[in-house]
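Read the figures in this text as sums done on the coordinates, not as results from a lab. None of these values were measured; they are calculated from a predicted model. Positions of Cβ are backbone-derived with ideal geometry, glycine not excepted, and every protein chain shown enters the neighbour counts.
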Amino acid sequence: MAAVLGVAAVMTASCSGERAPAQQSSTVHAQARPSPDTPTSTPPSPPAEKVNAPATVDGLAPVVRRIPTDKPYVFITMDDGAVQDPAALKMIKESGAKPTLFLNSKYFKGHEDYFRALQGAGLEINNHTMTHPNLKGKPYDVQHNEICGDSDAIQQAFGKRPTLFRPPFGNYDDNTRKAVAACGMKAIVLWTAAVNDGVVQFQAGGKLKAGDVVLMHFRHTFTADYQAFVDRAKQDGLTPMPLWDFLA
């Protein structure tokens, strides 16, 4: 049986504006657009100790959709890297959050300085494949090359090998899980909420909940999307925390 944290199915919101397969769809509730004047949150305090990721079993990396925590913590993640918004660094610093970045090497190549500045602000850069393919159903060797190739490129560009992986479109199979483990990563990370066009969307219910992993992208809507997340987290009484502290 797959080692999967949480019972939620994959959100319909996906990378590069595309939609996940129909069988992964669920009802989505939209939150109104935020006010740009809403104050940002205070910087989070680190947890008393790091929390370990679930174990890799039989060579299959575990799949994490949400973080099991009784604390009012939420986790923001940013995918792809296609658009390098110059406002991102300032917004992230002012919010005090530490987003986890899942980058494709096809997008960050030529823009390494932009992402190094984010890394220098305390953000972690993790793996999203080299070219953003739909991995599900592809041969192991193809998946291994895409995944390990992105890890190699990230290590070369940013000096640290990724420990977490997000599959493009949220699609994966056992070959993906094997390749992720073989490429040295601890977990596959999905999501339970997403931000699109300045609107926070929920898989279930009408608010963010403790342990939610939120997906957004490096798009032209970055400013509106990130502000929407910050406002929603504050409204729901949640503190953004570094995902890697809970998947050590």
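Separation of the range 131-166 and the range 66-126 by C-alpha centroid, Å?
18 Å
Considering only DSSP beta bridges with both partners in the range 58-246, what is the antiparallel share in %, to the nearest 5? Don't skip to the answer; put the middle values down first.
Details: 5 of 27 bridges.
The antiparallel proportion sits near 20 percent.
Give me the net charge of V214's neighbourhood, meaning all other residues with Cβ under 14 Å from the Cβ of V214; Lys, Arg count +1, Asp, Glu -1. Display every interim value, and only then the final one.
On the way: positive: R65, R66, K98, R166, K207, K209, R232, K234; negative: D79, D212, D225, D231, D236.
Net of charged neighbours comes to +3.
Tabulate in residue order the Karplus-calculated ³J(HN,Hα) for the range 139-147, using 6.51 cos²θ - 1.76 cosθ + 1.60 with θ = phi - 60°, rounded to whole Hz; enter x for Gly and Pro.
My calculation for the range 139-147 gives x, 4, 4, 5, 5, 4, 5, 5, 7 Hz in order.
Rounded, prolate or oblate for the range 58-246? Axes are the square roots of the Cα gyration tensor eigenvalues, ordered a ≥ b ≥ c, and the cut-off for rounded is a/c under 1.5.
On the way: a/c = 1.78, a/b = 1.29, b/c = 1.38.
Because a/c hits 1.5 or more and a/b fails to exceed b/c, the range 58-246 counts as oblate.
By per-residue mean of other Cβ atoms within 10 Å, what is the highest-first order of 204-215, 51-62? Could you put the intermediate results ahead of the total?
Numbers: 204-215: 18.9, 51-62: 15.6.
Result, highest mean first: 204-215, 51-62.
I'd like the FRET efficiency for A204 and K71, computed as 1/(1 + (r/R0)^6) with the beta carbon distance as r and R0 of 30 Å, rounded to 0.05. The partial results should precede the final answer.
Values: r = 20 Å, r/R0 = 0.67.
Computed FRET efficiency for A204 and K71 comes out at 0.90.
Please name whichever of C148, L135, A228 sits farthest to the positive end of the charge dipole of the range 58-246, dipole taken about the Cα centre and charges placed at Cβ: Lys and Arg +1, Asp and Glu -1.
Sorting the options by dipole projection puts first A228.
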